[in-house]
Amino acid sequence: MRVDSLGAAWAVGDLVGAIGQAVAQTFNPVRVKGEISGFTRAVSGHCYFSLKDARGQIRCAMFKRAAAGLSRFPKEGDQVEVTGRLDVYAPRGDLQLVVETLETAGQGDLYEQFLRVKAKLQGMGLFDSSRKRALPRYPRHIGVVTSLGAAALHDVVSVFARRTPHIRVTVFPSAVQGSNAPRELVQALQRASVLQRDGMSCDLILLVRGGGSLEDLWAFNDEGLAVAIANSTLPVVSGVGHETDFTIADFVADLRAPTPTAAAELVSEDTTALNAALADHASALADGVQWVLDRESQRCDRLTSRLVRPSQRLAQQQRRLTQAGHALSNALRGHLTRAGFGFQQARLAWLASAGVGLKTKRESLERLALRWQGTSPKAALDRGYAWVQRPDGQAVHTVGSVSRGDHLRLVMRDGELGATVDAVEPD
């Protein structure tokens, strides 16, 4: 594998798929004339053969449904003209022609005309993907252009009734086969583009018809119809013929469906699936809302626990004060107990030390008392002396402190005497 300036390398499957898409877009549908070679019919009913001429050959497959329309099976060497679509068989990477019709050679005038119209319109840019319009995902009003007696109409209405019964469907009748069909199809498209019913216009248009031969489908190869589809103000979805049928209308339409039924399914979302998805979204939304409510409810509970009435707050403070009082009382009681124990210890120590001090003091006092008794005036009075003092109690120590006529008191051992000084005789 090599990667160069051309870009990234292709994966094999992607390359085969891209080639198949390019071939289908460029050539389909295709009509080929050649000689039958190697014709075989499988047990499944499918037919396989090659078409060849002097310059080449191509593998062909004709499936059971298409082969059932043959009046006789071709034989080796028959000259035939076939219509179909080119495809790439991915498992082998082979180019093959899926044959839809097989005719005797020389019946290709219509097909040649088809190719001329296709080339002209392609040159005008009517097939360009850039001009294709997107379809509304949820249309409310769909216009259907087809024949009232066509089986395609029944198929489309059945799909809408089953999948989206709420969608409004308006049928714009038109012939889908014959010389008048192209003109009527154009007129029906124009009516659908401008219809307003109850203030509601169509959101898109289905252009449908069942399968048939090239002649049966020829109205949908009309150049005027192709221009009308391109100029439509509404997106157009074509569902003409079977899966292998291609018309000019398919190339110009904004979307090509392989069958009328497929066209109806492509533009309608299944109500059952939508309801289920809506139920899932509703359940998820309800769960989300409930989760938010639970979270906010829990938050409110936390805030409520912090926001109490004044009476409750007062009761809380009262309980705290009581608890603090008990704690203080217990602390004081413990402190007093410890202090009382210490005081008792100190008292005992003081008593012990005081007893020793008192004994010492008592002995000292007794000694002082003995000494005092020796020097006490009372002891002198007991020996016959008297204590002289004035009437006011002041002691008389010297003769010079009294005068003749002074009244004195003499304190004796057993009482007092009053005396008057008659004479003063200094020593």
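Any read-out appearing in this document is the output of simple, stated calculations on the displayed coordinates, not a laboratory observation. These numbers come from a predicted model, not from an experiment. So basically every Cβ, Gly included, is an ideal-geometry build from the backbone, and we count neighbours across all protein chains shown.
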³J(HN,Hα) computed for each position of region 12-29 - Karplus, 6.51 cos²θ - 1.76 cosθ + 1.60, integer Hz, glycine/proline x: 4, x, 5, 5, 4, x, 5, 5, x, 5, 5, 5, 5, 5, 7, 10, 6, x
Where Cα atoms sit under 28 Å apart: lysine pairs in the chain separated by 8 or more or lying on different chains: 13
Sorted by Cβ density within 10 Å, fewest first, the residues Arg209, Arg383: Arg383, Arg209
Rg(Cα) / (2.2 N^0.38 Å) computed for the chain, rounded to two decimals: 3.07
Net +/- balance of residues flanking Leu225 in space, Cβ distance below 11 Å, scoring K and R +1, D and E -1: -2
Residues with amide H under 5 Å from that of Val144, placed H, sequence gap 5 or more: Thr170, Val171, Phe172, Leu206
Longest segment of the chain lacking GluC sites (Glu not before Pro) that sit in a DSSP loop with at most 12 other Cβ atoms within 10 Å: 216-427
Per-residue ³J(HN,Hα) for region 42-54, Karplus 6.51 cos²θ - 1.76 cosθ + 1.60, θ = phi - 60°, Hz, x for Gly and Pro: 7, 4, 5, x, 6, 10, 10, 6, 10, 10, 9, 9, 5
